[in-house]
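Q: Below you will find the structure I want to go over with you.
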Amino acid sequence: MDLQRIILLGGLLFTVMLIWNAWQEDYVRPQQEQVATTERDQVDTPSLPTDGAPAGDVPTAEVPETSAADTPVSQTRTGLGAGERITVTTDVFRAEINAVGGDLRRIELLEYPVSVDQPDNPITLLNDRPGDLFVAQTGLLPAGTDGSPAPSHHARFEAEKSEYRLSEREDQLNVDLTWRENGIVVTKTYTFRRGDYLVDVGYTIENASGAPWNGHMYRQLQRTPPQDDGQFFIYTYTGGVIYSPEERYEKIDFDEMAEAPLNRTFQGGWAAMIQHYFLSAWVPPQDQKYTYYTKGIGNERILGMVGPQIQVAPGASETLTSGLYVGPKIQNRLEEIATGLELTVDYGILTFISKPLHWVLALFHSIFGNWGVAIILLTVLIKAVFYKLSEKSYTSMAHMRKVQPRLMAIKEKYGDDREKLNQAMMKLYKEEKINPLGGCLPILVQIPVFIALYWALLESVELRQAPFMLWIQDLSVADPYFVLPVLMGATMLIQHRLNPTPMDPIQARVMMLLPIVFTVFFAFFPAGLVLYWVVNNGLSILQQWYITRFVVKT
C-alpha cells in the first residue's frame, strides 16, 4: 500500500514537474552554439558580416564585388522618431504606417478586445510606444559598386492620402507609398484583404536611369522584450522563431538575439516573433535563398532576413513581394500560409497528441457552439477511451480497500520489523491476487494525454475570451469567484475518501493536504483548464463509486 501511494504521488509530482519545466524551458535552457552558416550561392545571395552587427538597424548586404566599407549603411537610428502617419482601417485591422520608411508602426486587432470588460478596446499587437516597441520593417539595400540608390526603412515616402478605409463593397485595399531618387522610382504597396490577417507587402522598382539598378530586399521585426510574462502561474513562450526546411522550427529568445547574432542562409522558410495567442511573421517567397539575421541595439532586438540580389535594367521594372501575418494563432489559416507556420501554436514535445485533441475540441465546438461544452465533451471522450485502464486502476484500489483491515493487522503484528512486514504483505497480495502496482500504472499511462490536453487548452486562441455559462465569461482567465477551483478541491477530497487510507500516518496527512494545495494552485489557472479537471474528477468519482459498489463488493 505504501509503495502504491508513493508511486501515485510520484506520478502526480512528475506531471507538475513537466508542466513547470515547460514554463521555465526558455528561461533556463543553455545558450545554443551558433550554427555554422549554410553554404550559399556567392552570386545571388547576400551575406552578413560575422564580426559584429552594424551600429544601425539596417542590415548590411555584402557581395563579392564590394566590401562592407563600400556599402552605404545607416549608422544612426533616425527613422524611429515621429513622422507623418497613414491610417488604414479594415474589418479586422486598424493600422498606422509611418511615412518615414513605410513601416507598419501600429496594428490593432479589432476582433480581439483587451478583455471581456473592454469590448471596444482592441488589443494592440504592433506599436511604437517608447520602451514598448514592436514594429514590422522592410527596405531595399544597394548592391554592387555603382551605389544604386535604395530606400531603407529610414527613407521618406509619399502617399496620395493620409487615410485609407476598406469599404463594405471592397474585398481588397491597396496602400501605395512612393520614393524617388536619381531616376529610380520605388513604389511600396501594402495589400489588405477582408477578413484576413495576412498582408502583402511589395516593392515595384522602376529604373528610369541610364544604369542597371542592383539591390536586395530585407524584411525584419524590431521589438523591445516585453516586461509582462503573462498570467500568474501561466508561462508561454514570447520571443523569436525561425523555420527552415533543414533545421525546421527553432526558437531564438531575446537574449540570444543579442548575445549570439544569427547569420544563416537557406531557401524559403519564415521568421516570426510570437507570444501567447498571437504572432507576427514575415513569410517570403519560398523559391529563393535568404540570409536570416538577428541583432541587439540597446534594449531592442531585431529578427529579419535579406533576400537575393536582383538587377533591374534601364527602362525596366521589377516587383518584389512578401507576406506579413499579424494576428491570432489560428491553426488552419497558418497551415495555408506556409509550411510549419502552425507550429507557432507551441504544444511542445507532445504536439502529436495535442493537435488531434485540439481538432476534436474544435469539432465539438462547431456542433454545439460553446467552448465550455466542447471541453466537457472532450473530457468525457478521453475518459471513455481510457475507461478500461481506469477500471483496472479502480478495481485494484477497491481490492486494496477490501483487505485494508488485514493489512493494518499485519502492521500491528510486526511493528517495526520491515522485512517480516513486507513478506507478510506480499503473501497477502498473492493470496488475494492483488497487484500492488495495479492502481498506479494505468494512471501513469494517461499522464502524457493529460499534459497534452493542458497545452491544447492553454495555447488555443479560440478559448480566449470565450464564454461558458453564468459567471464564466472568459475560459482563458481564472474563475473570478474561485468556484471551479473549490469544486476541483472538493472532488479531490471525495476521491481521497474513496481510496484506501495509507497505513503511514504522515503519508495520510500529506494526502489530506493535497486537495487544499491543489485548490490554491488551480485558483490561478484559466477556467477552461480547471473545468476539464473538475469534469474529469467527477467522472472518476462516478466510475470509482460504481466499481467499488457493484464490481468489487466490500
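The values are calculated or read from the model by the stated rules, or taken from the named source; none is laboratory data. Note that the coordinates shown come from a computational prediction; the quantities given were computed from them, not determined experimentally. So basically every Cβ, Gly included, is an ideal-geometry build from the backbone, and we count neighbours across all protein chains shown. Remember, those area values only see protein heavy atoms, side chains included, never the ligands or the DNA or RNA. Shrake-Rupley method; radii C 1.70, N 1.55, O 1.52, S 1.80 Å.
Q: If I filter the stretch 203-223 for residues that are assigned to a loop (DSSP other than H, G, I, E, B) and within 24 Å of the chain's Cα centre (by Cα), do I get at least one hit?
A: For the stretch 203-223, residues assigned to a loop (DSSP other than H, G, I, E, B) and within 24 Å of the chain's Cα centre (by Cα): absent.
Q: Can you work out which of the residues in the stretch 292-309 that are assigned to a strand (DSSP E or B) and among the small types (Gly, Ala, Ser) is nearest to Asp255 (Cα to Cα)?
A: Gly296
Q: Examine the stretch 109-131 for a residue that is in contact (Cβ under 8 Å) with a residue 12 or more places away in the chain, closer than 30 Å to Pro314 by Cα and in a loop (DSSP other than H, G, I, E, B), and state whether such a residue exists.
A: no
Q: Considering only the stretch 448-493, state which residues are among the polar types (S, T, N, Q) and more than 21 Å from His276 (Cα to Cα).
A: Selection gives Thr491 alone.
Q: Has the stretch 155-173 got at least one residue that is closer than 15 Å to Val100 by Cα, touching a residue at least 12 places away in the same chain (Cβ under 8 Å), in contact with a Phe, Trp or Tyr (Cβ under 6 Å, 6 or more places away or on another chain) and not in a strand (DSSP E or B)?
A: Yes.
Q: Follow-up. Taking the stretch 354-370 as the search range and keeping residues that are over 22 Å from Glu250 (Cβ atoms) and within 20 Å of the chain's Cα centre (by Cα), which one is least open to solvent (accessible area, probe 1.4 Å)?
A: So, considering only residues that are over 22 Å from Glu250 (Cβ atoms) and within 20 Å of the chain's Cα centre (by Cα), the one least open to solvent (accessible area, probe 1.4 Å) is Leu361.
Q: Which condition does Gly139 not pass, out of (1) outside any strand (DSSP E or B); (2) in contact with a strand residue (DSSP E or B) (Cβ under 7 Å, 6 or more places away or on another chain); (3) more than 22 Å from Phe93 (Cα to Cα); (4) not basic (Lys, Arg), if it passes all the others?
A: (1)
Q: Can you pull out every residue in the stretch 513-547 that is β-branched (Val, Ile, Thr), open to solvent by less than 20 Å² (accessible area, probe 1.4 Å) and at pLDDT below 85?
A: Within the stretch 513-547, just Ile547 meets the criteria.
Q: For the stretch 88-99, which positions are more than 19 Å from Asp132 (Cα to Cα) and assigned to a strand (DSSP E or B)?
A: Scanning the stretch 88-99 gives Val88, Thr89, Phe93.
Q: Report, by residue number, each residue of the stretch 91-121 that is open to solvent by 10 Å² or more (accessible area, probe 1.4 Å) and in contact with a Lys or Arg (Cβ under 9 Å, 6 or more places away or on another chain).
A: If the condition is that a residue be open to solvent by 10 Å² or more (accessible area, probe 1.4 Å) and in contact with a Lys or Arg (Cβ under 9 Å, 6 or more places away or on another chain), then Asp91, Arg94, Glu96, Val100, Arg106, Glu108, Leu110, Tyr112 are the ones that fit.
Q: Does Tyr249 fit the bill of being in contact with a Phe, Trp or Tyr (Cβ under 7 Å, 6 or more places away or on another chain) and either in a strand (DSSP E or B) or without any contact (Cβ under 8 Å) to a residue 12 or more places away in the chain (or both)? Before you say what the answer is, go through the steps one by one.
A: On the way: in contact with a Phe, Trp or Tyr (Cβ under 7 Å, 6 or more places away or on another chain): yes; either in a strand (DSSP E or B) or without any contact (Cβ under 8 Å) to a residue 12 or more places away in the chain (or both): yes.
Considered against the rule, which asks whether it is in contact with a Phe, Trp or Tyr (Cβ under 7 Å, 6 or more places away or on another chain) and either in a strand (DSSP E or B) or without any contact (Cβ under 8 Å) to a residue 12 or more places away in the chain (or both), Tyr249 comes out as yes.
Q: Can I ask one more? Looking at (1) at pLDDT 85 or above; (2) crowded, with 19+ Cβ neighbours inside 10 Å, which is the one condition that is false for Met425?
A: Met425 satisfies all of (1) at pLDDT 85 or above; (2) crowded, with 19+ Cβ neighbours inside 10 Å except (1).
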